[in-house]
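Notes follow the structure.
The values are calculated or read from the model by the stated rules, or taken from the named source; none is laboratory data. Note that the structure is predicted; figures quoted are calculated from it, not measured. Don't worry about glycine lacking a Cβ; one is built from the backbone with ideal geometry, like all the others, and counts go over all protein chains shown. These area figures cover heavy atoms from the full protein model, side chains too; ligands, DNA and RNA do not enter into them. Shrake-Rupley method; radii C 1.70, N 1.55, O 1.52, S 1.80 Å.
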Amino acid sequence: MKLHEGAINGTYRVVAINNLELPVERRLEAIGLTNGTNITILNKKKKGAVIVTVRGTRFAVGFHIAQGIEIEGAAK
């Protein structure tokens with residue numbers, strides 16, 4: 001499933017980062033969002049932005065970026 005499809009307060013594992021521009025992918029890697037990373041969805045906004053926590057840091061990603069991040073079921 002895509003990041004924007006996850007449930008609020010759900011913890012997921014990043015499976016892949018696809019279909020994003022190279023600078024965006026590199027920026028996500030720089031902040032620690034890589035394959036296998038656990039990600040918690042804190043909130044979702046009406047226009048599709050998703051507020052998440054990754055490795056103890058809270059940030060928001062827009063709908064376009066959230067569509068490019070594949071996640072899988074809740075991580076243990």
Worksheet item: Among Gly68, Thr53, Ala30, which residue has its Cα positioned farthest towards the positive end of the charge dipole of the chain, with +1 placed on the Cβ of Lys and Arg, -1 on the Cβ of Asp and Glu, and the dipole taken about the Cα centre?
Response: Thr53
Discussion item. Suppose R0 equals 25 Å. What FRET efficiency, 1/(1 + (r/R0)^6) with r the Cβ-Cβ distance, do His64 and Ala7 give to the nearest 0.05?
Written reply: 0.75
Worksheet, complete the sentence: Rounded to the nearest 10 Å², the accessible area of Glu29 using a 1.4 Å probe with every protein chain kept is 90 Å²
Worksheet entry | Cα principal axis extents for the chain, largest first, Å | 29, 28, 22
Practice prompt. For the stretch 60-65, take each phi angle, set θ = phi - 60°, evaluate the Karplus expression 6.51 cos²θ - 1.76 cosθ + 1.60, and give the result in whole Hz per residue in order, putting x for glycine and proline.
Written response: 10, 10, x, 4, 4, 6
Item to complete: Show that you can apply the helix-only estimate: for the chain, add -39,500 (n - 2.57) for every DSSP H stretch of four or more residues, divide by all residues, and state [θ] at 222 nm to the nearest 500.
Response: -4500 deg cm²/dmol
